[in-house]
2 protein chains.
Amino acid sequence: MLVRMPETAEQRPYHHGSLRAALLDAAERGLRERGADRLSLRDLAREIGVSHAAPRRHFADRQALLDALAEAGFVRLGAAMHAALSEGDGDGGDDGGGGEREFPTRVRDAVSAFAHFATENPALHALMNAGKHRPGATRVAQAAASAFAQMYDLIEEGQANDTLRQGDPEEIGIILYATVQGITTMVNNGMIDAARLDGLIDTAVALFLRGARPPGR
Amino acid sequence: MLVRMPETAEQRPYHHGSLRAALLDAAERGLRERGADRLSLRDLAREIGVSHAAPRRHFADRQALLDALAEAGFVRLGAAMHAALSEGDGDGGDDGGGGEREFPTRVRDAVSAFAHFATENPALHALMNAGKHRPGATRVAQAAASAFAQMYDLIEEGQANDTLRQGDPEEIGIILYATVQGITTMVNNGMIDAARLDGLIDTAVALFLRGARPPGR
DNA sequence: GAAACAAAGTAGTCAATGGAAACATCTAAC
DNA sequence: GTTAGATGTTTCCATTGACTACTTTGTTTC
């Protein structure tokens, strides 16, 4: 038996069912297309087809939505870096004795994944670094820390390898992270032509590895 | 003879005389105190004591004001770096045979000036890097390029010194600039404790100089 | 020195927004 | 089955950026 839908009156039930997810989804698109500034709760509600006050049931206010977006961004960034670090070991074609890639290559891959994530999601990257998050936005900070931890681990790996000199791995990790951060910000800014990204990343990584290698080598 | 001012009717002339400057001034304060997001043209007008439409005579719209702030920020940043690089030669107390500082010290001073400017003006720094400037905001880009040029020159100086290896000075300069940029962003973010700033800058500069020194040395 | 004119400020209006309150509807637990 | 809580709706308000028409002031030109 067919359930006939009235032509004008839509069949949409009173409750959307997954408004929160729909909002985040639409917000992400809006963020990408128009930037955080021009992201309006009412616009999102309209787009989804829900009343303008409905979003407030899921996000206390506009900033809460932005915080959620930033948090999701850090999670995705962490995943991208993780993927870059874990895949590639037995990368596609020639399996067999592949073994692990060299440490410098691993650094380059992780950093490159970060850089491309940032430049492919400029508005999101800006939002993640906006630092305007709520006083109590622990979730954002935590997601950021989690993504950052991979850089930290990588440094420790290099130190264990004797490819990097000893020293506070967090400090060294911050510097590498910050360098990529800065480069991508400048690319997203327009201060640097996007075409130079890969070259800059390569140079930066090479420079970093030389600067941070153990004294004797 | 005393000029008596009416108690209620103010003596302020019809024309403010320097509204543009007053707006920029108030805006800079507002930016510092409440961030770019909560900077309202009407608020500024109220604070200055002028009608809400008056600012439009001087700034086509809100973004134009923000652009002007960013431009001024880059000018000030450039000046701060310039001061750090030119002063200090015969720095205060013991004059006499002072002479020029060592290149590494000069790099550290310039970078440190940049870093402190950025962390002492977090909202301004964010605005300067927001990259949401008008399509035709050449002035902002130009001011930024001008500030950046000093980093460029400094690299060339190091190369002439044979303290830095050869290579595109712009590329190397970008990397150093980006590193400081990233560190300060993370400090302003809250991702890094502000107390670590100087230590991080020192480490970053040392790491950079090691990484970029000529092959043989 | 007066008239024409441009510059700078004012007042009023509009649509959009975020936020809040009061009310409606669905769902789940008892 | 009723009731409580979650989720949506409607209505309302203050604020904001932007626009238009008008007024005041300062300057240039004759």
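The table below lists the values:
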| item | result |
| --- | --- |
| Carbon and sulfur %, accessible surface of the stretch A:16-59 computed with the full protein complex present, 1.4 Å | 44 percent |
| For residues of A:203-213, the mean tally of beta carbons on other chains within 10 Å | 6 |
| Other protein chain Cβ atoms within 10 Å, averaged over every residue that makes up A:127-138 | 3 |
| Interface area, B with A, accessible, probe 1.4 Å, both sides summed, Å² nearest 100 | 3100 Å² |
| Nm distances between copies for A:Arg139, ranked from closest, using label points 7 Å along Cα→Cβ | 4.2 |
| Relative contact order %, the stretch B:15-59, counting alpha carbon pairs below 8 Å whose residues are six or more apart | 39 percent |
| Total formal charge among the other residues, if their Cβ is under 13 angstrom from that of B:Glu170, Lys/Arg +1 and Asp/Glu -1 | -4 |
| Dipole axis of the stretch A:58-190 (+1 Lys, Arg; -1 Asp, Glu on Cβ), positive-most option in A:Ala160, A:Val187, A:Val107 | A:Val187 |
| Mean shadow area of chain B over all directions, Cα convex hull, nm² | 18.2 nm² |
| Dipole in debye (nearest 20) - the stretch A:16-59, about Cα centre, beta carbon charges: Lys, Arg +1; Asp, Glu -1 | 140 debye |
| Teacher prompt: A:Arg20 distances to equivalent labels in other copies, 7 Å Cα→Cβ, nm | 5.1 |
| Residue-normalised accessible area of the stretch A:123-206, given per residue in Å² at a 1.4 Å probe | 39 Å² |
| Inter-copy label distances at A:His52 (7 Å, Cα→Cβ; nm, one decimal) | 1.7 |
| Residue of A:Ile201, A:Ile183, A:Ile192 that the Gaussian network model of chain A assigns the largest fluctuation, springs spanning Cα pairs under 10 Å | A:Ile192 |
| For chain A: relative contact order, % (alpha-carbon pairs under 8 angstrom, 6 or more apart) | 20 percent |
| Solvent-accessible heavy-atom area per residue, rounded to whole Å², over the stretch B:15-59 at 1.4 Å | 65 Å² |
| Spin-label model distance (nm) - B:Ser18 vs B:Asp198, 7 Å beyond Cα toward Cβ | 3.6 nm |
| Within a Gaussian network of chain B (alpha carbon springs, distance under 10 Å), most fluctuating of B:Ala36, B:Ala21, B:Ala110 | B:Ala21 |
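The values are calculated or read from the model by the stated rules, or taken from the named source; none is laboratory data. All values derive from a computational prediction rather than experimental measurement. Ideal geometry is used to build each Cβ from the backbone, glycine not excepted, and the neighbour counts take in all protein chains shown. Remember, those area values only see protein heavy atoms, side chains included, never the ligands or the DNA or RNA. Shrake-Rupley method; radii C 1.70, N 1.55, O 1.52, S 1.80 Å.
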